[in-house]
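Student: Here it is: the structure, laid out below.
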Amino acid sequence: GIGSTVYEDGRRVTLKDPPITRDRAVALCGYHLRKRCLPVILKHCPELDTPRRLAAVLSFCYNVGEGSLERSTMRRAINRRAWDDAAVGLKLWNKANGRVLAGLVNRRRLEAEMLVSG
């Protein structure tokens, strides 16, 4: 898959599940973005004013979860339209199990650039 952790019916994805096709992975990702992430973003980040900024926050939300977005300092900065502050807050989400991961550093850098550049 592409990183979805739940199916459309709410069941959690497990390592015991059978493999899925690329088309199924894309469909599951699209469902998650449309039905789970986007409603939370539209509710909690009404100040997102460009498709590029929305894409950055969609990427973040898909990666770390809706609850993390709702609680983040980044969200509060977005709603103040303080894009540089939002980028700083976004870059803090670069760890897994307490360790900084290069892949997350890179992902957050790109998302932050999208937020700042609009």
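Student: For the stretch 73-118, which positions are basic (Lys, Arg) and on the phi > 0 side of the Ramachandran plot?
Tutor: ARG81 - this is the single residue of the stretch 73-118 that is basic (Lys, Arg) and on the phi > 0 side of the Ramachandran plot.
Student: Report, by residue number, each residue of the stretch 1-30 that is in a helix (DSSP H, G or I), surrounded by 11 or more Cβ atoms within 10 Å (Cβ to Cβ) and over 14 Å from the mean Cα position of the chain (by Cα).
Tutor: Scanning the stretch 1-30 gives ARG24, ALA25, VAL26, ALA27, LEU28.
Student: Can I ask one more? I'd like to know if the stretch 3-19 contains one or more residues that are polar (S, T, N, Q) and in contact with a Lys or Arg (Cβ under 9 Å, 6 or more places away or on another chain).
Tutor: Yes, the conditions are met somewhere in the stretch 3-19.
A quick yes/no check of all residues on (1) surrounded by fewer than 12 Cβ atoms within 10 Å (Cβ to Cβ); (2) without any contact (Cβ under 8 Å) to a residue 40 or more places away in the chain; (3) among the basic types (Lys, Arg):
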residue: CYS45; (1), (2), (3): no, yes, no
residue: ASN63; (1), (2), (3): no, no, no
residue: ASP84; (1), (2), (3): yes, yes, no
residue: ASN94; (1), (2), (3): no, yes, no
residue: ARG109; (1), (2), (3): no, yes, yes
residue: SER117; (1), (2), (3): no, no, no
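Rule-based calculations on the coordinates, nothing more; no lab input. Keep in mind it's a predicted model, so treat the numbers as computed, not measured. Using ideal geometry, Cβ is built from the backbone for each residue, glycine included, and neighbour counts are taken over all protein chains shown.
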